[in-house]
Amino acid sequence: QVQLVESGGGLVPAGGSLRLSCVASGRSFSVRSKMGWFRQAPGKEREFVAAISWVGSVTYSGDSVKGRFTISRDNAMNTLYLQMNSLKPEDTAVYYCVAGAYGSSTDSSSYAYWGQGTQVTVSS
């Protein structure tokens, strides 16, 4: 069993920054596991944000995200991060930490473990 716990969400004005963290625990967690972030706004479909392999190879959802967001990980601490800068109201969503991809990094069904999510709200 693997547990993922997100933190760092909150309310910020447009143009502000937030740093999300996700701590993985449990005997089933492997340091070689791919980890990433998805987000979901109310009434909208869940969407991929970013992913990172254990050696640091990264994938972003698009030019807009990769220009403003940075994904990173600390393998020694089993911790995943998402630094979000220049936030926009459309970034408002619940952000979910994921781990253990066995297929496409951008497909939610490829991940075996999900956190409970942390709310990010960007005011205009």
Could you pull out every one of the aspartates and glutamates with an alpha carbon less than 14 Å from that of Lys34, ignoring same-chain neighbours closer than 8 positions? Asp74, Asp107
For the range 18-32, take each phi angle, set θ = phi - 60°, evaluate the Karplus expression 6.51 cos²θ - 1.76 cosθ + 1.60, and give the result in whole Hz per residue in order, putting x for glycine and proline. 9, 10, 8, 10, 9, 9, 9, 8, x, 5, 7, 6, 10, 5, 7
With a 1.4 Å probe and all protein chains left in place, how much of the accessible area of the chain comes from carbon and sulfur atoms, in whole percent? 47
Could you state the accessible area per residue of the chain in Å², with a 1.4 Å probe and every protein chain left in place? 52
Part-to-part distance (alpha-carbon centres) for the range 7-57 and the range 90-124, which is given in Å: 5
Under 23 Å Cα to Cα from Lys88, which lysines show up? Leave out anything in the same chain fewer than 8 places away. Lys44, Lys66
Of Ser86, Gln1, Gly117, whose Cα points farthest to the positive end of the dipole of the chain (charges on the beta-carbon: +1 Lys, Arg; -1 Asp, Glu; origin at the Cα centre)? Gln1
State to the nearest 20 debye the size of the charge dipole of the range 23-121 about its Cα centre, where the only charges are +1 on K and R beta carbons and -1 on D and E beta carbons. 200
On full extension of the chain, what length is gained from Met77 through Arg19, given 0.36 nm per residue of separation minus the C-alpha to C-alpha distance? 19.2 nm
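The values are calculated or read from the model by the stated rules, or taken from the named source; none is laboratory data. As the structure is a computational prediction, the values presented were derived from the model and not from experiment. Backbone-built Cβ (ideal geometry, glycine too); neighbour counts: all protein chains shown. Areas reflect the complete protein model, heavy atoms only, side chains present, ligands, DNA and RNA absent. Shrake-Rupley method; radii C 1.70, N 1.55, O 1.52, S 1.80 Å.
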